[in-house]
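Here is the structure we will look at, set down as structure tokens.
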């Protein structure tokens, strides 16, 4: 598994919105609301991807062939790396969403 492409797209779009908004203290209420909604959607998608990455860690098979063992282990390492990245992203996006809440 790798991090779904929609998360990268949503993150890039949110960054573009933030840049276009300029100083958030002076941003209009509709602009801030749009940022909050997009931030909440991104957080929801990150949580879904995080759950999927965790599922891979919980579904380790019982391979007996050495090649299968190595492949299974490589998949688990990739999943754990994705889970770590997604957990960090969830923290950052969640904190951003809280900060946006304080503007209204």
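Read the figures in this text as sums done on the coordinates, not as results from a lab. Values in this document were obtained by computation on a predicted structure and should not be read as measured data. Note: ideal-geometry Cβ built from the backbone for every residue, glycine included; neighbour counts use all protein chains shown.
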TODO: With the checklist (1) within 30 Å of residue 27 (Cα to Cα); (2) surrounded by 12 or more Cβ atoms within 10 Å (Cβ to Cβ) in hand, flag the one item residue 88 doesn't pass.
DONE: (2)
- [ ] Considering (1) over 18 Å from the mean Cα position of the chain (by Cα); (2) closer than 22 Å to residue 84 by Cα; (3) part of a helix (DSSP H, G or I), say which one residue 60 fails and leave the rest.
- [x] (3)
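The rows are residues; the columns are (1) in contact (Cβ under 8 Å) with a residue 60 or more places away in the chain; (2) touching a helix residue (DSSP H, G or I) at 6+ places or on another chain (Cβ under 6 Å).
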residue: 15; (1), (2): no, no
residue: 23; (1), (2): no, no
residue: 33; (1), (2): yes, no
residue: 37; (1), (2): no, no
residue: 82; (1), (2): yes, yes
residue: 99; (1), (2): no, no
Task: Residue check for residue 68: outside any helix (DSSP H, G or I), farther than 30 Å from residue 24 by Cβ and over 23 Å from the mean Cα position of the chain (by Cα) - done: no
